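The values are calculated or read from the model by the stated rules, or taken from the named source; none is laboratory data. Keep in mind that this is a model prediction, so the values were computed, not measured. Cβ atoms come from the backbone with ideal geometry, glycine included; neighbour counts cover every protein chain shown.
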Amino acid sequence: MGFFQKMFSNNPRKSSSISKMPVLTPQPLLPNIQENINYVKEALFHTDDLIHQTLSIPGYNSEFLFLYSMCDQKKIRDEILKPISDHRHLDQELKEILIDMRANKHDDLENVIDLLVKGNAVLFIEGFTECYVIEVRSSHERNVAEPSNEKTVEGSHAGFVESLTINLQLVRKHIENRNLVVRRYKLGKQTRAETVLIYLNNLANPELIDEINERLRSINADNITSTEFIEEYIEDTSLSPFPQLLHTERPDRVIANLLEGRAALLAEGSPTALLMPVTFFSFYQSPDDYYFRSFSGSFIRFIRIVSFVIAICLPAYYIAVVSFHYEVIPQDLLLPIKSSIEHIPYPPILEALFMELTIELLREAGIRLPGPVGQTIGIVGGLVIGDAVIKAGLVSNAMIIVVALTAISSFVVPSHEMSSSVRILRFPVMIGASLFGFFGIVYSLMMILIHLCSLHSFGTPYFAPVAPFRLKDWKDMIIRFPQWKLNQRSNDPAPQKLSQEGYSGEGHHGDDQAE
């Protein structure tokens, strides 16, 4: 097992020291306005979208700067110009004008420049060693709508957007709890992307939070613009085909995982949250499993697990049967299958690879093309190509059925990342089946299983609760028990409290400790 960890792990965090962002020397403000403005212009390399205007405040010589590409002109009129014009002819104290402008004092020019780049206006007043920053950032957020790649039949239809403030509000609106902690980070030497880590202080394991904090601070990169960029820097085994962080755009899914003792990562400009730690079975769970009744939710989840086996094994099984083990085919099917494949000029592995790659090409083309055109290409292309290759004698009828079932099974997975992994893994299993038949399939699946058992997600065994075996956690694995039976949190993230308060089993599990 250590061999597989060494083979698939390329993370240098254990041997490398934590990188630190360059710290700029504080630059105190000068009483002279022009010197401050010149310093700001030099620091921004005289960028053309930097605007500075003279303001007429009674009794004071003042100017304000802003980047017009980042600021809202209406906010500038309402937040800066209007309060000044209202007091222009009055003997008003400067303090009251600044209160109306909702300005914040700053005395470090380097800090002021950072705020200016983020969409704030800066007001300089002659003779003052402090300037005033007014928030006038332009915002272009889309409406909170259901994510197109995580649709549900019942339950909430809200989704994250590109605004970090709105995303935090969506989470806090449902968890009005003083234990909800938000930790802010600036990632990327050039991008300085604002990233937040969210967790419940009374549930999340402190060791988990410390580990996440260390990994985030160890990121040494120029370009960090979204959570997807962060994933490969902080996951345990970045060369593994299996994702170790769960992507989601649904606030309800983030909230449910926070209440289990996990942590979530959000970034400005990205609608995707990263949940950690997770297990293999987390990727086959959907909010619909909990919005439906226990029997319906369990049946749907069981179908998803079966789809994983079908998507990986079905093409390989067909290749093995046709190439080596035709004796397992029922007699009634033997002659139709034989007549279907006897005129195919090449072995089943090439036949399967050709069709699988064709399906992947159609899928990719359908995604990249505009919506109506993409759907047309997917349907018409599949029908036309399928009919043509059969008539041309390039592919058998049975292979078309196998490939279609495999494609459908791979699309059942709720997580796009896991779906991609499943589609990739079926190719080595197919090659193993073409070389050694059923033995090749068994050996390939054994390798995958060993790798799953060796993986970890922030210290959590990836294949838990199967390995290590925890019977109590099976209540919400393949079969979902009724809500009143889920009286204990999953042990995977090692939460501080295992018992779920408010359930009938509270008294029996209140003293349990996370392993």
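Please indicate, with yes or no, whether at least one residue in the range 135-142 is touching a Leu at 6+ places or on another chain (Cβ under 8 Å) and either closer than 30 Å to K41 by Cβ or not small (G, A, S) (or both).
No, because not a single residue in the range 135-142 is touching a Leu at 6+ places or on another chain (Cβ under 8 Å) and either closer than 30 Å to K41 by Cβ or not small (G, A, S) (or both).
May I ask you to verify whether F354 is in the same structural domain as I379 (by TED's automatic domain parsing), within 19 Å of S444 (Cα to Cα) and under 44 Å from the mean Cα position of the chain (by Cα)? Before the answer, list the steps.
Details: in the same structural domain as I379 (by TED's automatic domain parsing): yes; within 19 Å of S444 (Cα to Cα): no; under 44 Å from the mean Cα position of the chain (by Cα): yes.
Criteria not met by F354.
Matching residues to (1) in contact with a Cys (Cβ under 6 Å, 6 or more places away or on another chain); (2) crowded, with 17+ Cβ neighbours inside 10 Å; (3) at pLDDT 80 or above; (4) over 19 Å from I310 (Cβ atoms):
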| position | (1), (2), (3), (4) |
| --- | --- |
| P347 | no, no, yes, yes |
| A352 | no, yes, yes, no |
| L383 | no, no, no, yes |
| A398 | no, yes, yes, no |
| A404 | no, no, yes, no |
| R426 | no, yes, yes, no |
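May I ask you to list the residues in the range 180-201 that are in a loop (DSSP other than H, G, I, E, B) and at pLDDT below 90? Can you show your working first?
Within the range 180-201, the first condition is being in a loop (DSSP other than H, G, I, E, B), and the residues that meet it are 188-192, 201.
Once the filter is applied, which keeps residues that are in a loop (DSSP other than H, G, I, E, B) and at pLDDT below 90, the range 180-201 yields G188, K189, Q190, T191, R192.
Check whether at least one residue in the range 84-97 is under 42 Å from the mean Cα position of the chain (by Cα) and either charged (D, E, K, R) or at pLDDT below 85 (or both), and report yes or no. Before you say what the answer is, go through the steps one by one.
Keep residues of the range 84-97 that are under 42 Å from the mean Cα position of the chain (by Cα), which gives none.
For the range 84-97, residues under 42 Å from the mean Cα position of the chain (by Cα) and either charged (D, E, K, R) or at pLDDT below 85 (or both): absent.
Exactly one of these conditions fails for G366: (1) surrounded by 18 or more Cβ atoms within 10 Å (Cβ to Cβ); (2) farther than 25 Å from E228 by Cα. Give me its number.
Going through the list (1) surrounded by 18 or more Cβ atoms within 10 Å (Cβ to Cβ); (2) farther than 25 Å from E228 by Cα, G366 breaks only (2).
Select, from N120, N201, the only residue that is in contact with a helix residue (DSSP H, G or I) (Cβ under 9 Å, 6 or more places away or on another chain), touching a residue at least 24 places away in the same chain (Cβ under 8 Å) and not small (G, A, S).
On the way: N201 fails: touching a residue at least 24 places away in the same chain (Cβ under 8 Å).
Answer to the check: N120.
Can you confirm whether the range 159-172 contains a residue that is exposed (fewer than 14 other Cβ atoms within 10 Å of the Cβ), within 29 Å of the chain's Cα centre (by Cα) and small (G, A, S)?
no
Condition check: of a type in the set (A, V, I, L, M, F, W, C), more than 16 Å from the chain's Cα centre (by Cα), at pLDDT below 90 and within 26 Å of E260 (Cβ to Cβ). Does V144 satisfy that?
On the way: of a type in the set (A, V, I, L, M, F, W, C): yes; more than 16 Å from the chain's Cα centre (by Cα): yes; at pLDDT below 90: yes; within 26 Å of E260 (Cβ to Cβ): yes.
Taking the combined requirement at face value, the residue satisfies it.
If S454 meets every condition in (1) of a type in the set (S, T, N, Q); (2) surrounded by 15 or more Cβ atoms within 10 Å (Cβ to Cβ); (3) under 30 Å from V328 (Cα atoms) apart from one, which number is that one?
Among (1) of a type in the set (S, T, N, Q); (2) surrounded by 15 or more Cβ atoms within 10 Å (Cβ to Cβ); (3) under 30 Å from V328 (Cα atoms), S454 violates only (3).
Give the residues of the range 409-426 that are farther than 13 Å from P241 by Cβ and in a helix (DSSP H, G or I), sorted by residue number. Walk me through it before giving the result.
Let us first name the residues in the range 409-426 that are farther than 13 Å from P241 by Cβ, namely 409-416.
S409, S410, H416 - these are the residues of the range 409-426 that are farther than 13 Å from P241 by Cβ and in a helix (DSSP H, G or I).
So which residues in the range 187-213 are touching a strand residue (DSSP E or B) at 6+ places or on another chain (Cβ under 6 Å) and among the hydroxyl-bearing types (S, T, Y)?
Selection gives T195, Y199.
Is there any pair with a first residue in the range 42-55 that is closer than 11 Å to A121 by Cβ and a second that is of a type in the set (S, T, N, Q) whose Cβ atoms are under 8 Å apart and which are 6 or more apart or on different chains, and what are they?
The qualifying pairs are L55/S62.
Out of N10, N38, I need the residue that is more than 13 Å from V112 (Cβ to Cβ) and at pLDDT 90 or above. Which one? Lay out the reasoning, then the answer.
Numbers: N10 fails: at pLDDT 90 or above.
None of the others qualify; the one that does is N38.
Which of the residues that make up the range 428-463 are more than 22 Å from A311 (Cα to Cα) and touching an Asp or Glu at 6+ places or on another chain (Cβ under 9 Å)? Steps first, please.
Step one: filter the range 428-463 for residues more than 22 Å from A311 (Cα to Cα), giving 454, 456-461.
Passing the criteria: H456, S457, F458, G459, T460, P461.
Under 9 Å by Cβ, and 6 or more places apart or on different chains, what pairs join a residue from the range 211-229 that is under 23 Å from N167 (Cα atoms) and surrounded by fewer than 17 Cβ atoms within 10 Å (Cβ to Cβ) with one that is β-branched (V, I, T) and at pLDDT 85 or above?
E228/T272
Being buried (at least 17 other Cβ atoms within 10 Å of the Cβ) and under 16 Å from T129 (Cβ atoms) is the filter here; which residues of the range 38-82 pass it?
Matches in the range 38-82: Y39, V40, S62, E63.
Does the range 393-402 contain any residue that is in contact (Cβ under 8 Å) with a residue 40 or more places away in the chain, in the same structural domain as Y318 (by TED's automatic domain parsing) and in contact with a Gly (Cβ under 9 Å, 6 or more places away or on another chain)?
As a first pass, look at the range 393-402 and keep what is in contact (Cβ under 8 Å) with a residue 40 or more places away in the chain: 393-400, 402.
From the residues that got through so far, the ones that are in the same structural domain as Y318 (by TED's automatic domain parsing) too are 393-400, 402.
Right, trim to in contact with a Gly (Cβ under 9 Å, 6 or more places away or on another chain) and you get 395, 400.
Yes, the range 393-402 contains at least one residue that is in contact (Cβ under 8 Å) with a residue 40 or more places away in the chain, in the same structural domain as Y318 (by TED's automatic domain parsing) and in contact with a Gly (Cβ under 9 Å, 6 or more places away or on another chain).
Can you pull out every residue in the range 447-473 that is part of a helix (DSSP H, G or I) and closer than 20 Å to Q244 by Cα?
Step one: filter the range 447-473 for residues part of a helix (DSSP H, G or I), giving 447-454, 471-473.
Selection gives M447, I448, L449, I450, H451, L452, C453, S454, D473.
Given the condition crowded, with 23+ Cβ neighbours inside 10 Å and in contact with an Asp or Glu (Cβ under 6 Å, 6 or more places away or on another chain), answer yes or no: does some residue in the range 275-291 qualify?
Within the range 275-291 (the criterion being crowded, with 23+ Cβ neighbours inside 10 Å and in contact with an Asp or Glu (Cβ under 6 Å, 6 or more places away or on another chain)), the answer is yes, since at least one residue qualifies.
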